[in-house]
Every structure is written in structure tokens, then in C-alpha cells.
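Q: Pasting a structure here, questions to come.
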């Protein structure tokens, strides 16, 4: 039984969400985002990621005490506050989606995370136990098993429908691949095929970088296993009817929207959705220090095979791409959008991507983070981007901002500055 104040908080947030969804600006923003993904951009679009800011919604601002409802409340509040105050090109849809509850085993060796807590209480820094350190450890591995709890998934959907479904419709679909919290989590828009993330969690960074010399056969065997597991996972989602067309949503790690004309639009009840109807997202940050040729030999072929069944592919996150794009472009024929982080050569990427792909720029978060943002560097970052991508299908997606020292207005300040530079 929930307290009336919890129900009222959720209903009030749902009403504010729907007010934004009904704003006449939303269809136009959706159209402009689609134009970029259709490779006929009319203007750059901009978006700020807030889901990774631990204090964007203060704990004392939340009413719900039930863990599940508290997470739902936080997710509603984040979108509403974002739409209220940042002024970017956020698109708020007329529904709230929650993921299917999926149970997923380990690889035969548990992956355990160890967090380091800072003086401020933040636990963003973490590492893993790295359970595979030898051929003997590799022999313990197997493909993961998975199952869907349809009853619990439907129970959660019915619960939210009873509380605020008459205001904000609830849709069920997708999954949370990182399983960070119960219930809704912004990662659920992703169909993530970044295999080296799991490789890193299993063998550690040192082995990922040195076994290509010291034990290349074991690296290939590890990548085959992880590739086969990820393919099996996507096939499971497809066969069990758990997919939804992620062409109507924000895709968190890419930090961009999936609106595009070349894939079917999502419906209220997505049935018989196939991988070919969806975006797939792949990246390989962990292998960035490896030379492009060795990356092409040891990692890219397996990643490319995983993303090939999707309708369209988005490549990259924070890693540099300019030195290995020739291999990525050849290996992934369904490539449509490419992340251009601060590690990439912005100007070379402009030449490489041109009008053929989406230039998905990730401004450098360090410049705007912490107690003393460097606005000169922030502005230079945007100016350089606008010059480098002047002939491209440009979107600016500000991601991975983890600390703003309680200064939320700086996010709106960045948006206003960026718009002024675009229009100047």
C-alpha cells in the first residue's frame, strides 16, 4: 500500500510530463532530429544529458519511499526538470516506457564491481574483479542464460497504470542492459553491442592491451565467446517479442534520438519487431590505445558481426575514431551515425563523415564540470565544432557531465551560448 502523497507526487509529475509532450514545439523538434538522421540536416540540433548527474534531482526532492516508485519518480522528475529549464532540443513523448524484467546469468565467472566513494559521497569511480586471468579461467566460461519474467513485467506496468496511466500512458518494451536499478532506467533505449566492455570486465585493461601480443589466440577465443553471447541475446529479445522500435526514443549512450525515415516508426503496441527495424549501438572505448590495424584484426570483426542484423548502426562513445574510421566504415555497411568525442580530430572527422553520415559531436565535459567551469574552453569547443562540421549533418549531444557543483543553470547557459554561436 502506498501513501497518498507518493501517488500525488507521481500524478503531478505525469501531468507536467504530458504538458511538455503536448507542446507544439515537440513535432517540429522530432522532424528536425529526423532530418539529421535522414542525412538532410536543416540545422544542428543540441541536447544535454542529465541522467548521469547524481544531484540533478536532490534526494530531499523525492517523495516516494518505495524503491521502485522512487526510481520512477526520479525518472519522471528528471525529464520534467530538463524540459522546464535547459532549453535544448529535448523531445518529450506522450508515454512512459518501462523495460521487461529479464534475468541474466553470468558468464561462468562472476563480474563484481568495486566502487570508490569520494569525500562528497560520490561513487562514480569503480573497478572490477577481472575473473579471467589465464587459459584455465577461460575454460570456466560459457554463454549466459536468460529468461523474461512476464508476470512481474506486467505487474509493474499495471501498478503504474493504476497510479498515473490515465494521465501518462505506460508502454512496456526493451530492456535495461546494465541492470542498474529496478524499473525504468534511461539505458533501456539501447541495443548495445560494445563487446570490449565485457571483455574489459572479464580480463582487465592490462590484459586487453597486452594479450594481443602475448596471447593473441586467447583474445580471439574471448571475443568469439562474447560475440556469440551478444548475438544470442539479441536473438532472444527478437524471438520472445521483447523488442520495440527504438526510432521514437532517446538512445542514452549515443546520447541522441533514433528518429529516422529509413526504419519503421514505433507504435503503441509493437508486435513482431525485428532487429532490422531497430538501431544498434556499438563502440570500443577500451581498445582505443590499440593501433588501428590491430583493432581491425582483433576486435572490429566481432563487433561488426553483432551489429550487422540491425537496420542502422551508431558507432562510438568517447573513443577517438579518426585514425580507424576507414576500417569501421568498411566493416559496418549499415553505419549511419558516428560519435565524435574530444579525443577525435574534429576537423578530420568532418572530412571523413561529410554528408554520408551523422556527425554526432560530444563536447568535452571536463570544460564545463566541477566547481569552476572554463567558459573560454567551452566556447572554443563549440566554435571548433561548428567550423569542423560546417558541411556535415551535425548534432551536439553533451554527455558524461558528472559534476556541476549544484549549478544547474550552467547547462542552460551552455545551450544559450551554443545557439548564439550557431546563429551568429
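The values are calculated or read from the model by the stated rules, or taken from the named source; none is laboratory data. Fair warning: this is a prediction, and the values are worked out from it, not measured in the lab. Every residue, glycine among them, receives a Cβ derived from its backbone with ideal geometry; neighbour counts consider all protein chains shown.
Q: Do we find that residue 143 is touching a helix residue (DSSP H, G or I) at 6+ places or on another chain (Cβ under 6 Å), at pLDDT 95 or above and surrounded by fewer than 17 Cβ atoms within 10 Å (Cβ to Cβ) in this structure?
A: Criteria met by residue 143.
Q: Return yes when residue 395 is within 16 Å of the chain's Cα centre (by Cα) and touching a residue at least 40 places away in the same chain (Cβ under 8 Å) and no when it is not.
A: yes
Q: Among (1) modelled with pLDDT of 95 or more; (2) closer than 26 Å to residue 242 by Cα; (3) out of contact with any helix residue (DSSP H, G or I) (no Cβ under 8 Å at 6 or more places or on another chain), which single condition is residue 102 missing?
A: Going through (1) modelled with pLDDT of 95 or more; (2) closer than 26 Å to residue 242 by Cα; (3) out of contact with any helix residue (DSSP H, G or I) (no Cβ under 8 Å at 6 or more places or on another chain) one by one, residue 102 breaks only (1).
Q: For segment 100-116, state whether one or more residues are free of Cβ contacts under 8 Å to residues at least 40 places away in the same chain, part of a loop (DSSP other than H, G, I, E, B), at positive phi and over 22 Å from the mean Cα position of the chain (by Cα).
A: yes
Q: Another question, then. Any residue in segment 8-25 that is under 30 Å from residue 280 (Cα atoms), under 22 Å from the mean Cα position of the chain (by Cα), buried (at least 16 other Cβ atoms within 10 Å of the Cβ) and free of Cβ contacts under 8 Å to residues at least 60 places away in the same chain?
A: no
Q: Still on this structure, I have one more. Return the residue satisfying two criteria in turn: it lies in segment 258-291 and is within 18 Å of residue 211 (Cβ to Cβ) and in contact (Cβ under 8 Å) with a residue 12 or more places away in the chain, and of such residues it is surrounded by the most Cβ atoms within 10 Å (Cβ to Cβ).
A: Once the filter is applied, the top-ranked residue is 284.
Q: Take residues that are within 30 Å of residue 94 (Cα to Cα) and tell me which of the helices (runs of 4 or more DSSP H) falling wholly in segment 213-314 contain 1 or more.
A: Working: elements: 216-239, 292-298, 300-307.
Of the helices (runs of 4 or more DSSP H) lying wholly inside segment 213-314, those with at least 1 residues that are within 30 Å of residue 94 (Cα to Cα) span 216-239, 300-307.
Residue-wise test of (1) in contact with a strand residue (DSSP E or B) (Cβ under 9 Å, 6 or more places away or on another chain); (2) outside any helix (DSSP H, G or I).
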site: 6; (1), (2): no, no
site: 15; (1), (2): no, no
site: 18; (1), (2): no, no
site: 29; (1), (2): yes, no
site: 34; (1), (2): yes, no
site: 46; (1), (2): yes, yes
site: 50; (1), (2): no, yes
site: 53; (1), (2): no, yes
site: 57; (1), (2): no, yes
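Q: Here is a further query. Within segment 364-382, which residues are in contact with a helix residue (DSSP H, G or I) (Cβ under 6 Å, 6 or more places away or on another chain) and touching a residue at least 40 places away in the same chain (Cβ under 8 Å)?
A: Result: 368, single match.
Q: Go through segment 201-234 and give me each residue that's loosely packed, with under 15 Cβ neighbours inside 10 Å and either free of Cβ contacts under 8 Å to residues at least 12 places away in the same chain or out of contact with any helix residue (DSSP H, G or I) (no Cβ under 8 Å at 6 or more places or on another chain) (or both).
A: Answer for segment 201-234, where residues must be loosely packed, with under 15 Cβ neighbours inside 10 Å and either free of Cβ contacts under 8 Å to residues at least 12 places away in the same chain or out of contact with any helix residue (DSSP H, G or I) (no Cβ under 8 Å at 6 or more places or on another chain) (or both): 206, 210, 213, 214, 217, 228, 232.
Q: Right, another one. What's the number of the condition residue 81 fails, among (1) closer than 30 Å to residue 422 by Cα; (2) crowded, with 16+ Cβ neighbours inside 10 Å; (3) in contact with a strand residue (DSSP E or B) (Cβ under 9 Å, 6 or more places away or on another chain)?
A: Residue 81 satisfies all of (1) closer than 30 Å to residue 422 by Cα; (2) crowded, with 16+ Cβ neighbours inside 10 Å; (3) in contact with a strand residue (DSSP E or B) (Cβ under 9 Å, 6 or more places away or on another chain) except (3).
Q: Additional query: Checking the condition surrounded by 23 or more Cβ atoms within 10 Å (Cβ to Cβ), within 17 Å of the chain's Cα centre (by Cα) and more than 25 Å from residue 98 (Cα to Cα), which residue from 307, 340 passes?
A: On the way: 307 fails: more than 25 Å from residue 98 (Cα to Cα).
Selected residue: 340, the only one of 307, 340 that is surrounded by 23 or more Cβ atoms within 10 Å (Cβ to Cβ), within 17 Å of the chain's Cα centre (by Cα) and more than 25 Å from residue 98 (Cα to Cα).
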